[in-house]
Amino acid sequence: MTDHTPLSQSPETPTIDRLLSIMARLRDPQSGCPWDVKQSFATIAPYTIEEAYEVADAIEQGDMQALKDELGDLLLQVVFHARMAEEDGHFSFADVAEAISDKMVSRHPHVFGDHRADTPDEVKVTWEDQKARERAAKAAARGNGETASALDGVTAALPALLRAEKLQKRAARVGFDWPTVAPVFEKIEEEVGEIREVIDEGGDPDKLEDEVGDLLFAAVNLSRHLGVDPEAALRRSNAKFERRFRGVEAKLHDKGQKPENQSLEALEDLWQAVKQTSASG
């Protein structure tokens, strides 16, 4: 029988229950939305990632109304995945909420237990120790003889820049890291030299990809040693490039001209003019 639970909000219907009921109706094979019914974990995953980025953008813009809206969109993604999992008999939204609640209690013994952690740094140590124990328990549960790795849990689906930073931080926790920033600069110079060597040898595409990847990985390492978030730094540079390039386009538009009809030297002159304007104003 099709569930026709009322979807309007009432004092007797908790807000999250209403959202869960809406998703159940949308996924109903007989009376639901054809688009929603057709979806799978794989097809919804890109939307989940997109919504997370939109949450981050709202925070960066300082737009609280947008943040409220985007958090709702992100919550919908969790509800969507949980509903599909429940339909397949794996777990429900309640199971998801219970699991994260248990994890938060386990990872905060200084709040919910008798462990002491009086500073953020002490809390971080406690958190990482608990995560390490969890990784070891998961490795043991797999029962295939594999030992837990410090790199366990760094998902391959992360953006490459973010994943590089996380891998490096995990390795650094067990001592695999340079003690100062000087060797990192040397590594960057080494990687640039290796790229030039590949180019001089004919520019094999696979080798170039490999060496450019090493250079980017080394640049992330530099960011980490300098205490700079590489993702935030690159977003900032992207925004700066976009702002300046649009400024170049605007100057050309005022003259009735287009970038593609200009020489590189002319474009560079306009770029420097925009750069000076933005620096002074």
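The values are calculated or read from the model by the stated rules, or taken from the named source; none is laboratory data. Every value quoted in this text rests on a predicted model; they were computed, and no experiment measured them. Using ideal geometry, Cβ is built from the backbone for each residue, glycine included, and neighbour counts are taken over all protein chains shown. With ligands, DNA and RNA removed, areas are computed over all heavy atoms of the protein, side chains included. Shrake-Rupley method; radii C 1.70, N 1.55, O 1.52, S 1.80 Å.
Here are the numbers for the structure shown:
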quantity: Out of E165, E191, E186, sole residue that is within 19 Å of F217 (Cα to Cα) and loosely packed, with under 13 Cβ neighbours inside 10 Å; calculated: E186
quantity: Candidate set: segment 229-253, residues that are among the hydrophobic types (A, V, I, L, M, F, W, C) and surrounded by fewer than 14 Cβ atoms within 10 Å (Cβ to Cβ); chosen: the one farthest from W178 (Cα to Cα); calculated: A250
quantity: Residue in segment 214-228 that is of a type in the set (S, T, N, Q), at pLDDT below 90 and in a helix (DSSP H, G or I) present; calculated: no
quantity: Leading residue by the ranking (surrounded by the fewest Cβ atoms within 10 Å (Cβ to Cβ)) among those in segment 135-162 that are at pLDDT 75 or above and assigned to a helix (DSSP H, G or I); calculated: A160
quantity: Residue within segment 168-175 that is at pLDDT below 90 and in contact with a helix residue (DSSP H, G or I) (Cβ under 8 Å, 6 or more places away or on another chain) present; calculated: yes
quantity: Of residues in segment 91-118 being at pLDDT below 90 and of a type in the set (A, V, I, L, M), the one surrounded by the most Cβ atoms within 10 Å (Cβ to Cβ); calculated: A117
quantity: Pairs where the first residue, in segment 143-160, is acidic (D, E) and the second is modelled with pLDDT under 85 and open to solvent by 70 Å² or more (accessible area, probe 1.4 Å), C-beta under 8 Å, 6+ apart; calculated: D152/K138
